[in-house]
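Input: a single structure, listed below in structure tokens.
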Amino acid sequence: QGEIVRFVGLQNYFDIVKRGEFINSVKVSFRYTLMYLPLAVLLPLALALVAARRKPFSKIYQTCFALPMAVSMSAACLIFQQFYHRRNGFLNYFLNQIGLMANRTDINWLQDKTWALPSLAVIALWSSIGFNFMLMLAAVRNVPEELLESASLEGAGYWRKVFHIILPSISPTLFFIICTRAIAALTMNQPAMILTKGEPLGSTSTMVYYVYTSGFRSTNYTLGSTASICTFFITFLFLLLNFLYEKKGVHYD
């Protein structure tokens, strides 16, 4: 019989930073965040600016923009699995029809080291765009018309009004979306678990997926719990950096 419980201090954390698999998962999570986060903010913002003015049939395309909210992530993964299919998928067929990537129209998107992570980012982007669009649209429509009319009378063009009136006015909503999407990106797990299993060669193994494989699949609960705490602190520090920006870039008046 060995010693059942022994306090080791910070040794588990010193050990985990020496593990190449964990360091790789941190890098993968940050690469994924850099791919996903800018588009998760800018694309719904662009759609909200397009839909801001109420026009005939505007409710139809607003519903289309928000439709991904009705689809669960699991269902979206299965839909995109067929979309990305190497032989029968629409994406390779479309690229072949328009003549792009003429010699590479049989890409195995979910098992190619270059394309697997961007492919997962596209799935997450599509799934989250509806919720983010609704928030952006409500914020843009709540910008006071008096400010926009005054700017027009002063000769301000559309883009000047966007950058100097609309964006400062909706900055609290932008900040909220940036924070929530950053958390979602750094803790991404579902698409990797369903579609790629962290492959190929660990290129889609994120921090949370590493927690799952080490703690639950391999039953190394010491390693899994240490990795989960490290994931929490990395995400927390990333959010702290965002809150440092809040004091300068977010206007609540």
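The values are calculated or read from the model by the stated rules, or taken from the named source; none is laboratory data. These numbers were taken from a predicted model, which means no experiment stands behind them. Here Cβ is always computed from backbone atoms with ideal geometry, including for glycine, and neighbour counts include all displayed protein chains. What goes into the accessible areas is simple: the full protein's heavy atoms, side chains included, and nothing from ligands, DNA or RNA. Shrake-Rupley method; radii C 1.70, N 1.55, O 1.52, S 1.80 Å.
Here are a few things to note about the model shown:
- Residues being of a type outside the set (D, E, K, R), open to solvent by 30 Å² or more (accessible area, probe 1.4 Å) and under 14 Å from residue 49 (Cβ atoms) - total across region 135-156: 4
- All of 7, 22, 83 fail the test of being farther than 28 Å from residue 170 by Cα and touching a Gly at 6+ places or on another chain (Cβ under 6 Å), apart from 83.
- Some residue of region 53-61 being surrounded by 11 or more Cβ atoms within 10 Å (Cβ to Cβ) and either in contact (Cβ under 8 Å) with a residue 60 or more places away in the chain or within 20 Å of residue 120 (Cα to Cα) (or both): no
- Selection of region 203-237 for residues being crowded, with 19+ Cβ neighbours inside 10 Å and over 21 Å from residue 32 (Cβ atoms) yields 223, 226.
- Residues located in region 204-253, provided they are in contact with a Gly (Cβ under 6 Å, 6 or more places away or on another chain), closer than 30 Å to residue 109 by Cα and part of a helix (DSSP H, G or I): 209, 211, 214, 215, 224
- Check on residue 240, under 16 Å from the mean Cα position of the chain (by Cα) and aliphatic (A, V, I, L, M): no
- Helices (runs of 4 or more DSSP H) fully within region 18-118 counting 3 or more residues that are of a type in the set (Val, Ile, Thr) and closer than 18 Å to residue 205 by Cβ: 20-51
- The one condition in (1) open to solvent by 30 Å² or more (accessible area, probe 1.4 Å); (2) among the β-branched types (Val, Ile, Thr); (3) in contact (Cβ under 8 Å) with a residue 60 or more places away in the chain that residue 98 fails to fulfil: (3)
- Cβ-Cβ under 7 Å pairs, at least 6 apart or on other chains, region 148-177 side of a type outside the set (A, V, I, L, M, F, W, C), far side in a helix (DSSP H, G or I) and open to solvent by 40 Å² or more (accessible area, probe 1.4 Å): 173/135
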